1. Would you mind working out the accessible area per residue for the range 116-273, using a 1.4 Å probe, and quoting it in Å²?
2. For the range 125-276, what's the relative contact order in percent, using C-alpha pairs closer than 8 Å and at least 6 residues apart?
3. Between rounded, prolate and oblate, where does the range 209-276 land on the alpha carbon gyration tensor, with a ≥ b ≥ c its root eigenvalues, rounded for a/c under 1.5, else prolate if a/b exceeds b/c?
4. In whole percent, and with a 1.4 Å probe on the protein chains, what portion of the accessible area of the range 102-217 is carbon and sulfur?
5. Test of understanding: extend the Cα→C-beta vector of THR172 to 7 Å, then name every residue of the range 184-221 with backbone N under 11 Å from that spot.
6. Direction-averaged shadow area of the convex hull around the Cα atoms of the range 115-274, nm²?
7. Place a point 7 Å from Cα of ASN219 in the direction of its Cβ. Which residues in the range 229-261 have their backbone N less than 14 Å from it?
8. Around VAL229, with a cut-off of 13 angstrom between Cβ atoms, what is the net charge of the other residues, counting Lys and Arg +1 and Asp and Glu -1?
Amino acid sequence: MTARAEQPVSHRRRTGRRRAVIAGVSALGVTGAAIFTSTMLSTASAASSWPSDTGGKPVSKTIPVSGTLDGGMKRYYGTGALGGDSQDENQDPVFELADGATLKNVIIGTPAADGVHCKGSCTLQNVWWLDVGEDAASFKGTSSSAQYKVIGGGARKAADKVLQFNGAGTLTVSGFQVEDFGKLVRSCGNCKTQYKRTIVLKDIDLTAPGKSVVGINTNYGDTATLSQVRIHGDSKKKMKTCTRYQGNNTGKEPKDLGSGADGTYCKFSDSDITYK
């Protein structure tokens, strides 16, 4: 298959789309990118600052990562077999991280295929998705002690899920921003193998349109803890915060059990959510 150049950013959801505000952060080299971490993505800069890339890199085959891969703020995008940006299931990712791996200072452009897969514990630091494909990142470790960390970065234009939690363990997301999306985090509602999953979201900026911050399965003992969550452009508070489902392992659509804090599964107070 002939490799194709990066496609223009797609516009799958035109209705109600908010134009992304691009602050034009100056091109960052490896050294500059390394300091552009969650510590710089404070309340003042989040939801407004998106980095510029230092060049494009087409990817026709999934890049395996063990140890640490520092992308130096290059823009990686799918081509050939990875040249899709649909919502089709079972697409291959641009990056596949081994247990314990770190991916940092990377921009994933379009087409984005299925973004990033973590096979076990992993860290995504200062990773940005310009136009999410199937999912931005999927976490697939099977150990209850697995730790997945998303530190800084952001994603936009996700027709459905941004972060898909299929495996076991704890997912912690901090200093992250997302805009024009379906769900920021979803604990898999109908995977063949189900686990108890723990989700921690702190220092997060979400810009409408967006359907839900996080979805969990209470029947498997999932919990979601939210703090310093800021929702922008949703004055009518239509975006759900924490949605509780009855998950299954049969492939059926999970039953929606309601949303909001309950002190047991969805853990946060009114002061943890602010509207801008």
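The values are calculated or read from the model by the stated rules, or taken from the named source; none is laboratory data. Treat the numbers as computed from the prediction; the structure is a model and nothing was measured. Positions of Cβ are generated from backbone atoms using ideal geometry, with glycine treated the same way; all protein chains shown enter the neighbour counts. The protein model used for the area step is the full one, side chains on, heavy atoms only, and it has no ligands, DNA or RNA in it. Shrake-Rupley method; radii C 1.70, N 1.55, O 1.52, S 1.80 Å.
1. Result: 35 Å² per residue.
2. 19
3. On the way: a/c = 2.96, a/b = 1.64, b/c = 1.80.
Here the range 209-276 falls in the oblate category.
4. Details: 1170 of 2470 Å².
Taking all protein chains in place, the range 102-217 shows 47 percent carbon and sulfur surface.
5. Output list for this probe position: 200-202.
6. Numbers: hull surface 32.2 nm².
Averaging across all directions leaves 8.1 nm² for the Cα convex hull.
7. 244-258
8. +1
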